[in-house]
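As C-alpha cells, the structure follows; a few thoughts come after it.
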Amino acid sequence: MKIHQISLFLENQPGQLIEPCRVLSRAGIDIRTLTLADTQLFGILRLIVSDWEAGAKVLREAGYVINLTEVVAVEVPDRPGGLDELLELLQGSRINIEYMYAFTFGGDKAVLIFRFDEPDRAIELLKGSAINVIDPVEVYTGIAK
C-alpha cells in the first residue's frame, strides 16, 4: 500500500517550479498532488504523479537529480477532527511522522500523504484500526472508491 513519491531539489529562485511541471506535462504525466517546501537557498518539490516510473525517467533525462520515496496515503473524514482522530491513533505507537501533506478527491473525504519512519508498521496499525489506507492505483489514477 505504499506509494512512490518523486522528490527533487530546485533553486529558490523565481521560475524554477515551471520547468519540472512542463517536463511532466509534455510527457503526458498528470500530477496528482504536490508539495513544495523551501529554505533560503533551495526548495524540495515532492510529487505524486500518474506514472511514477515514467515521471522519474523524464525528469532525470531533463537533468534533475531525483529521489524516490515510499509514502502512505490515508483517507480521513474531511471535517473538523478528522486529522485529530488519526493522530490520536498514532500517538502511542512511537511511529514518527517525518512529514505529511493533503489533498481531496472531492466529497467528504480528504487524503493525507504521510512519510513515516516505519511505513509497514504504520500501515498495519492503521488497517487494524479500520482506517482506509488507499491503494496506490487509486492515487495514481485519481479514482476514489
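The values are calculated or read from the model by the stated rules, or taken from the named source; none is laboratory data. Please read all numbers here as calculations on a predicted model, not as lab measurements. So basically every Cβ, Gly included, is an ideal-geometry build from the backbone, and we count neighbours across all protein chains shown.
Here are the numbers:
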{"quantity": "Residue match in the range 10-26 (condition: under 12 Å from the mean Cα position of the chain (by Cα), modelled with pLDDT of 95 or more and either assigned by TED's automatic domain parsing to the domain that holds E124 or under 27 Å from E75 (Cβ atoms) (or both))", "calculated": "no"}
{"quantity": "Residue check for A130: out of contact with any Cys (no Cβ under 6 Å at 6 or more places or on another chain), surrounded by fewer than 18 Cβ atoms within 10 Å (Cβ to Cβ) and either at pLDDT 95 or above or under 30 Å from S25 (Cα atoms) (or both)", "calculated": "no"}
{"quantity": "Residue, modelled with the lowest pLDDT, within the range 96-127, restricted to residues that are surrounded by fewer than 17 Cβ atoms within 10 Å (Cβ to Cβ) and among the β-branched types (V, I, T)", "calculated": "T104"}
{"quantity": "Failed item, numbered, when A62 is tested on (1) closer than 24 Å to T141 by Cβ; (2) surrounded by 14 or more Cβ atoms within 10 Å (Cβ to Cβ)", "calculated": "(1)"}
{"quantity": "Residue identified as under 27 Å from N132 (Cα atoms), in contact with a helix residue (DSSP H, G or I) (Cβ under 8 Å, 6 or more places away or on another chain) and not polar (S, T, N, Q) among V23, V71", "calculated": "V71"}
